Amino acid sequence: MIVQSISALAGSQFPRGEVWLCGAGPGDPELLTLRAVQALGQADLILHDSLPGRSALRHARRSAEVVAVGKRKGAAPVPQVKINARLIAGARAGLRVLRLKGGDPFTFGRGGEEALACTAAGIPWRVIPGISAGMAAPAAAGIPITHRGMASAVTFVTAHDETGALPDLNWAALAQTGGTIAAFMAVSRLDELALRLLAGGLAPATPVAFISQASLPGQAVLRTTLGQCTLEVRRAGLPTPAMIIIGAVADLGRSALTRTLEGLRHAHG
């Protein structure tokens, strides 16, 4: 059925001289979209991030040029301006250029910057959405990011601005939302992030879930609290990439969620 679905997409050709900004999802290759698999099989040039799971690249055609341009922990061996230039040069040369990113290209993936660069250069582009780690990681850990009676809102934040510092957000207001906070790239800034939220009024007992290598074979979940998270995460030494989920839902796991749902069913007869 999946093969038939991919074949059915074959009519949607990847035009030469065009850039596709493609999300590879959180790492598990089975979470790639059918459109992403199709695009990988047609691309002439693939510029890819430091993907959490490199299995996605197995779908690339053998003749494609595959170039790593990823950034990790503030290190950018290929600056964004050079990535933009390579995308534009490839498309101008008549190539089908695929920019492959972990998660979703428009969710803390700089896809917007690349789209603007292509537009300014007169290069046609389109987006292939991917499953963002902000949704996939908590789901893989059995944590719903929204939950009736517990969290009616979710806020995605990054712990790194363009300089590598914690963004200048209204952390006090964020602490008062009463919803879920899903923090990307937050491990190295966790001390400062936690202090800002605590100073904003979020209780030290607020549940926190640290989800390492979500959807991959090495996935691990550490459950702690806002007051203890920096110490616990440092002790655990879990590898990145990781998502940090802050809020009441972070205390829910598969077993706890089952108990909660059973309680709701009993409450409503």
(request) Return the pairs, sorted by first residue and then second, in which the second residue is among the charged types (D, E, K, R) and part of a helix (DSSP H, G or I), the first residue lies in the stretch 206-235 and is within 20 Å of M135 (Cβ to Cβ) and in the same structural domain as R196 (by TED's automatic domain parsing), the beta carbons are less than 6 Å apart, and the residues are 6+ apart or on different chains. (result) P207/D251
(request) Please work out if H160 is under 16 Å from the mean Cα position of the chain (by Cα) and either at pLDDT 95 or above or not charged (D, E, K, R) (or both). (result) yes
(request) Would you tally the residues in the stretch 38-64 being within 18 Å of the chain's Cα centre (by Cα), over 23 Å from P79 (Cβ atoms) and not polar (S, T, N, Q)? (result) 2
(request) State yes or no: is V19 in contact with a Pro (Cβ under 8 Å, 6 or more places away or on another chain) and modelled with pLDDT of 90 or more? (result) yes
(message) Condition first: in contact with a Gly (Cβ under 8 Å, 6 or more places away or on another chain) and either at pLDDT 95 or above or under 17 Å from H160 (Cβ atoms) (or both). Now tell me which residues in the stretch 61-76 satisfy that.
(response) G74
(message) I'm trying to understand the selection: among the residues of the stretch 130-151, which are of a type outside the set (K, R), more than 17 Å from L32 (Cβ to Cβ) and not in a helix (DSSP H, G or I)?
(response) A141, G142, I143, P144, I145, T146, H147, G149, M150, A151
(request) Any residue in the stretch 158-177 that's within 20 Å of S132 (Cα to Cα): show its pairings with residues that are modelled with pLDDT under 90 and loosely packed, with under 11 Cβ neighbours inside 10 Å at Cβ separation under 9 Å, as long as the two are six or more apart or on different chains. (result) H160/G74
(message) Only one of L216, L202 is under 12 Å from A248 (Cα atoms) and either under 22 Å from the mean Cα position of the chain (by Cα) or buried (at least 17 other Cβ atoms within 10 Å of the Cβ) (or both). Can you tell me which?
(response) L202
(request) Kindly indicate which of V67, V127 is outside the structural domain of P241 (by TED's automatic domain parsing), assigned to a strand (DSSP E or B) and either at positive phi or free of Cβ contacts under 8 Å to residues at least 24 places away in the same chain (or both). (result) V67
(message) Among (1) touching a strand residue (DSSP E or B) at 6+ places or on another chain (Cβ under 7 Å); (2) assigned to a loop (DSSP other than H, G, I, E, B), there is one condition A182 misses while meeting the rest; what is its number?
(response) (2)
(request) Quick one: count up the residues across the stretch 186-233 that are of a type in the set (A, V, I, L, M), within 25 Å of Q176 (Cβ to Cβ) and part of a strand (DSSP E or B). (result) 3
(message) Return the residues of the stretch 234-269 that are in a loop (DSSP other than H, G, I, E, B), modelled with pLDDT of 70 or more and either more than 22 Å from the chain's Cα centre (by Cα) or closer than 21 Å to L202 by Cα (or both); say none if nothing qualifies.
(response) G247, L252
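The values are calculated or read from the model by the stated rules, or taken from the named source; none is laboratory data. Just so it is clear, the structure is predicted and the values come from calculations on it, not from any experiment. As a convention, Cβ positions derive from the backbone with ideal geometry for all residues, glycine included, and neighbour counts pool all protein chains shown.
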